[in-house]
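Data first, discussion second: the structure below is written as structure tokens.
The values are calculated or read from the model by the stated rules, or taken from the named source; none is laboratory data. Because the structure is predicted, anything quoted here is derived from the model rather than measured. Positions of Cβ are backbone-derived with ideal geometry, glycine not excepted, and every protein chain shown enters the neighbour counts. Just the protein is used for accessible areas: all its heavy atoms, side chains included, with ligands, DNA and RNA removed. Shrake-Rupley method; radii C 1.70, N 1.55, O 1.52, S 1.80 Å.
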Amino acid sequence: MPRVWLVRAGGSNVSWLDDFKNAGYIGVGYNLQKNLTGFVPHEEIEIAYREANPDKSHQPTISRIVNQVEAFLFEIEHDDHILTPTRNRRVLMHGIANDSPAYFEAMAIGGLPHRRSVSWVDDGIEFAQQELEDLGIYGYRGTVKLISEVSDSLWER
């Protein structure tokens, strides 16, 4: 059964939103300049993150980010649904992950080089603020989050 993922487009300022929509992808950055799209053990992702972010040393934060990158690269599957916050805090853009693995866009170094192809279904689904709070979307500062296991009500939307 497909799952639903929250994938942010550049944090609270949604700086990559238009690019996501126009180019048909989602992506993660975290300054990672090494291609991690093949089979890469968790430890290698952490090493790459530490090398790319030598000023970051808070282990719980590093672990959270490495887990997000790993989920983005290896857990999002074909037909999983992607929700991306828009400039309107209550509207989430909706897409479906295509049948292709994560890829590395070398020209995007400094941006979001690790990407997944997505077919955007529409400009967005509006949610009540309480629904977004129940899903843990408000206040979540990460980039990637599995949200379909939080609430079955997503499938009603």
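Quick notes on this structure:
- Angle in degrees between helix 42-52 and the longest Cα principal axis of the chain, rounded to the nearest 10: 80 degrees
- Separation of the Tyr138 and Val121 label points, Cα + 7 Å toward Cβ, nm: 2.4 nm
- Over all other residues within a Cβ to Cβ distance under 13 Å of Ile82, the charged ones net out to +1, with Lys and Arg as +1 and Asp and Glu as -1.
- Positive contributions from Lys and Arg (+1) and negative ones from Asp and Glu (-1), summed over other residues with Cβ under 14 Å from the Cβ of Gly38, come out at -1.
- Tilt relative to the chain, helix 59-74 - C-alpha long axis, 0 to 90 degrees, to 10: 70 degrees
- Inter-label distance for Ala128 and Gln59, nm, one decimal - labels placed 7 Å from Cα along Cα-to-Cβ: 4.3 nm
- Dipole of the chain, positive direction: furthest Cα of Leu135, Pro60, Phe72, with charges on the beta-carbon: Pro60
- In the full protein context, segment 52-92 carries 51 Å² of accessible surface per residue, based on a 1.4 Å probe and ignoring ligands, DNA and RNA.
- Simple point charges give the picture: +1 on the Cβ of Lys and Arg, -1 on the Cβ of Asp and Glu, and for segment 1-146 a dipole about the Cα centre of about 420 debye.
- Based on DSSP H segments of at least four residues, each scored -39500 (n - 2.57), the chain has a per-residue ellipticity at 222 nm of -7500 deg cm²/dmol.
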